[in-house]
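Report on the structure given below.
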Amino acid sequence: VFLALPHGVAAELAVPLLKAGRRVLDLSADFRLRSAAVYEEFYGKTHPAPELLAQAVYGQPETYREKLKGAGLVACAGCYPTSILVPTLPLLRSGLIRPEGIIADSLSGVTGAGRKADLGYIYCECNESARPYGLPKHRHLSEIEQELSIAAGTKVTMQFTPHLIPLNRGILTTLYLTPSEEIRDAESAERFSRKLADMYQKVYGQETFVRIDGDKILPDIKNIVMSNVVEFGWKVDCRTGRLIVVSAIDNLMRGASGQAIQCFNLMAGYPETTGLL
């Protein structure tokens, strides 16, 4: 059963469905967090079913593929988190970046702010403009930090600033990261970039829905709209010693329905690409 309901409502309906033996994929945030206290902090309400949090599998297929295959309850990952976690988790697991000082700036089409009838989200109010929102603790920050901390093996606190831009759909995220080795000059930057390329190829080289651009080109939202692809590339800045990673997704596909179908395919034993290509 797919649940595409408001936060808080989805958990209430999931309880009887699970008791009836149904397998549930939830597109809300109700089961993404492992802590009921963190859920209450970021979503401003008491969790309706905290006893189910421990059994939920986070719905990011490339990260939790094996767990998803046997899952009874899947918490589909959010849109901003997907754009950040897919390129960043392997960097932390491999030790190529430091867990401190991570910064993410995300630009989202208006659909990324949800369907609520709010004057500020009417397209004519958003067109010809751009603005940040949800500062300093956008609710997606909770699941982003949770998954980064698991990958790093230590608590990760990051800075995240989402922006609304006048597009219907699509998210472009720029990440500012600190390499674990010193980048002193162009030669060390190129050497580090080759390490990144090798690592990403090992992790995602066979993934249908991950497109690695490398360090020669960077993503463009128009290239991934209406697809389930996460596309990312990077630049190593020898002047600042920082790594800049840019990713792009369609928030309504890879950030929502497409990723849910990908998770469902794993649960049902279907080819992972069924209904998505």
Quick one: is I261 outside the structural domain of T111 (by TED's automatic domain parsing), in contact (Cβ under 8 Å) with a residue 12 or more places away in the chain and either surrounded by 15 or more Cβ atoms within 10 Å (Cβ to Cβ) or at negative phi (or both)? yes
Across (1) free of Cβ contacts under 8 Å to residues at least 60 places away in the same chain; (2) within 20 Å of K67 (Cβ to Cβ), R34 clears everything bar (1)
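Take the residues in region 102-131 that are closer than 18 Å to T174 by Cβ and modelled with pLDDT under 95, then tell me which one is surrounded by the most Cβ atoms within 10 Å (Cβ to Cβ). Walk me through it before giving the result.
Filtering region 102-131 for residues closer than 18 Å to T174 by Cβ gives 102-109, 112, 130-131.
If we keep only those that are modelled with pLDDT under 95 as well, we get 109, 112, 130-131.
Values: G109: 23, G112: 27, A130: 10, R131: 10.
Result: G112.
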Q) Is it fair to say K137 is without any contact (Cβ under 8 Å) to a residue 60 or more places away in the chain and either loosely packed, with under 12 Cβ neighbours inside 10 Å or not assigned by TED's automatic domain parsing to the domain that holds D215 (or both)? A) no
Of those in region 9-33 that are surrounded by fewer than 17 Cβ atoms within 10 Å (Cβ to Cβ) and outside any helix (DSSP H, G or I), the residue nearest to the chain's Cα centre (by Cα) is R23
Among the residues of region 75-118, the number that are touching a residue at least 40 places away in the same chain (Cβ under 8 Å) and outside any strand (DSSP E or B) is 30
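Looking at this structure, is V225 surrounded by 13 or more Cβ atoms within 10 Å (Cβ to Cβ), under 22 Å from the mean Cα position of the chain (by Cα), assigned to a loop (DSSP other than H, G, I, E, B) and outside the structural domain of R65 (by TED's automatic domain parsing)?
For V225, the condition - surrounded by 13 or more Cβ atoms within 10 Å (Cβ to Cβ), under 22 Å from the mean Cα position of the chain (by Cα), assigned to a loop (DSSP other than H, G, I, E, B) and outside the structural domain of R65 (by TED's automatic domain parsing) - is met.
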- Determine if region 210-222 includes at least one residue that is part of a helix (DSSP H, G or I) and either among the charged types (D, E, K, R) or in the same structural domain as I84 (by TED's automatic domain parsing) (or both). yes
*Scanning for something in a helix (DSSP H, G or I), basic (K, R) and on the phi < 0 side of the Ramachandran plot, does region 235-253 turn up at least one residue?*
no
Per the filter on region 14-41, residues of a type in the set (V, I, T) and under 16 Å from F264 (Cα atoms) are V24
The condition from (1) closer than 23 Å to G153 by Cα; (2) surrounded by 23 or more Cβ atoms within 10 Å (Cβ to Cβ); (3) outside the structural domain of N228 (by TED's automatic domain parsing); (4) not small (G, A, S) that L92 misses is numbered (3)
If we keep only residues of region 7-57 that are in contact with a Ser or Thr (Cβ under 7 Å, 6 or more places away or on another chain) and at pLDDT 95 or above, then the residue farthest from S149 (Cα to Cα) is A10
Taking region 127-153 and keeping only residues that are within 24 Å of E40 (Cβ to Cβ), out of contact with any Leu (no Cβ under 8 Å at 6 or more places or on another chain) and polar (S, T, N, Q), one is left with S149
Looking across region 167-226 at residues that are in contact with a helix residue (DSSP H, G or I) (Cβ under 9 Å, 6 or more places away or on another chain) and basic (K, R), the single one that is modelled with the lowest pLDDT is R169
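Per-residue answers, yes or no, for (1) within 16 Å of L89 (Cβ to Cβ); (2) in contact with a Lys or Arg (Cβ under 9 Å, 6 or more places away or on another chain):
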{"residue": "L135", "(1), (2)": "no, no"}
{"residue": "S180", "(1), (2)": "yes, yes"}
{"residue": "S193", "(1), (2)": "no, yes"}
{"residue": "Y204", "(1), (2)": "yes, yes"}
Inside region 200-238, the number of residues satisfying the requirement of being touching a residue at least 40 places away in the same chain (Cβ under 8 Å) and in contact with a Pro (Cβ under 6 Å, 6 or more places away or on another chain) is 2
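The values are calculated or read from the model by the stated rules, or taken from the named source; none is laboratory data. Given the structure is predicted, the values throughout are model-derived calculations rather than measurements. Cβ coordinates were reconstructed from backbone atoms using ideal geometry, including for glycine residues, and neighbour counts include every protein chain displayed.
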